[in-house]
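Scroll down for the structure; my scribbles are underneath it.
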Amino acid sequence: MIVCLIEYGMPFDKYNSFEKLSASERPGVDYEIHCVARPSQVAIIAPHGRQIEPGTAEIAAAIANDSYSFYCFNGLRHRPHGHLHITSSNFDEPQCLGLLSTCKIVVAIHGCRNLSVSSRNYVYLGGLNRSLKETIFDCLRDAGFDVRNYDDRFPGEHRSNICNRGLTGQGAQLEVSRGLREEFLNSSEKLSGFAKAVRTGIDDALRGPPVNR
Ligand SMILES: [Zn+2]
């Protein structure tokens with residue numbers, strides 16, 4: 001069964017815009033927003049953090065480190081996934097859009113259930129920025145992670161997908177399995193290795209097309 005519902009979540013989502021969500025939900029009680037703008041062309045975002053897709057905000061913060069801009073929208077109470085999940089193609093929280101409007105590279109972090117029978121720990125790559133996906137893919141693979149390209153269920157290629165709302169209209173999204181997110185919770189070293197590999201992939205993409213890869 002498909003789970004993160006990035007592309008297909010709307011029928012299950014309680015809200016299809018931030019305006020509707022914020023009319024009913026309470027900041028600081030039901031949700032919180034962290035937006036850290038740094039002098040960088042890169043933003044790492046987690047639009048479904050904490051209780052919505054656990055571990056994703058922590059992964060985004062680790063990748064951003066103190067060099068890239070960082071944004072997360074966190075659910076603060078344990079509730080069904082769709083209650084505070086605004087699907088990526090509808091995600092329009094103004095602080096997030098404002099930040100992305102200044103960034104050349106956007107990478108969104110999501111979480112999915114374990115969909116594969118052969119492995120619990122893997123990450124799917126999606127989004128419209130092909131070269132960025134390739135460099136991140138290579139760096140994660142070289143660091144020993146099970147990284148896969150999205151199949152046709154989860155391409156992240158919708159123009160309005162939040163990962164594609166940066167300056168270039170093309171970003172990337174990482175869909176991290178529950179098993180891998182749990183591993184990160186138990187091993188900060190593993191998370192650091194993952195974050196470093198993604199940063200290397202981003203920096204490679206910023207430098208231009210990969211050579212001899
Ligand atoms: Zn998500």
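The values are calculated or read from the model by the stated rules, or taken from the named source; none is laboratory data. Small disclaimer: the values here were computed from a predicted structure and weren't measured. Don't worry about glycine lacking a Cβ; one is built from the backbone with ideal geometry, like all the others, and counts go over all protein chains shown. Each accessible area value is taken on the protein alone, full model and side chains, heavy atoms only, with ligands, DNA and RNA left out. Shrake-Rupley method; radii C 1.70, N 1.55, O 1.52, S 1.80 Å.
Considering only the range 90-102, I want to know if a residue exists there that is at pLDDT 95 or above, within 24 Å of residue 131 (Cβ to Cβ) and in contact with a Cys (Cβ under 8 Å, 6 or more places away or on another chain). Yes, the range 90-102 contains a residue that is at pLDDT 95 or above, within 24 Å of residue 131 (Cβ to Cβ) and in contact with a Cys (Cβ under 8 Å, 6 or more places away or on another chain).
Cβ-Cβ contacts under 6 Å between residues 6 or more apart (or on different chains), taken from a first residue in the range 164-187 that is open to solvent by 20 Å² or more (accessible area, probe 1.4 Å) and among the charged types (D, E, K, R) to a second residue that is modelled with pLDDT of 95 or more and part of a helix (DSSP H, G or I), are listed as 165/100; 183/190. Can you find a residue that is under 22 Å from residue 86 (Cβ atoms) and either surrounded by 24 or more Cβ atoms within 10 Å (Cβ to Cβ) or not charged (D, E, K, R) (or both) anywhere in the range 142-151? Within the range 142-151, one or more residues are under 22 Å from residue 86 (Cβ atoms) and either surrounded by 24 or more Cβ atoms within 10 Å (Cβ to Cβ) or not charged (D, E, K, R) (or both). Residue 135 meets each of the listed conditions (1) of a type outside the set (A, V, I, L, M, F, W, C); (2) open to solvent by less than 30 Å² (accessible area, probe 1.4 Å); (3) within 26 Å of residue 90 (Cα to Cα) apart from (3).
The number of residues in the range 22-34 being under 25 Å from residue 170 (Cβ atoms) and either acidic (Asp, Glu) or open to solvent by 50 Å² or more (accessible area, probe 1.4 Å) (or both) comes to 1.
The single condition among (1) modelled with pLDDT of 95 or more; (2) buried (at least 24 other Cβ atoms within 10 Å of the Cβ) that residue 87 does not meet is (1). Per the conditions (1) more than 13 Å from the ligand (Cβ to nearest atom); (2) surrounded by fewer than 21 Cβ atoms within 10 Å (Cβ to Cβ), the sole criterion not satisfied by residue 71 is (2). Looking only at the range 104-124, which residues are crowded, with 24+ Cβ neighbours inside 10 Å, under 16 Å from residue 159 (Cα atoms) and not β-branched (Val, Ile, Thr)? 108, the sole residue that qualifies. Would you check if there is a residue in the range 46-58 being crowded, with 21+ Cβ neighbours inside 10 Å, over 15 Å from the mean Cα position of the chain (by Cα) and of a type in the set (A, V, I, L, M)? Within the range 46-58, not a single residue is crowded, with 21+ Cβ neighbours inside 10 Å, over 15 Å from the mean Cα position of the chain (by Cα) and of a type in the set (A, V, I, L, M).
Every residue in the range 104-119 that is outside any strand (DSSP E or B) and of a type in the set (Gly, Ala, Ser), please. Answer for the range 104-119, where residues must be outside any strand (DSSP E or B) and of a type in the set (Gly, Ala, Ser): 116, 118, 119. Each residue in the range 93-103 was checked for being in a loop (DSSP other than H, G, I, E, B) and either surrounded by fewer than 16 Cβ atoms within 10 Å (Cβ to Cβ) or free of Cβ contacts under 8 Å to residues at least 24 places away in the same chain (or both), and 2 pass.
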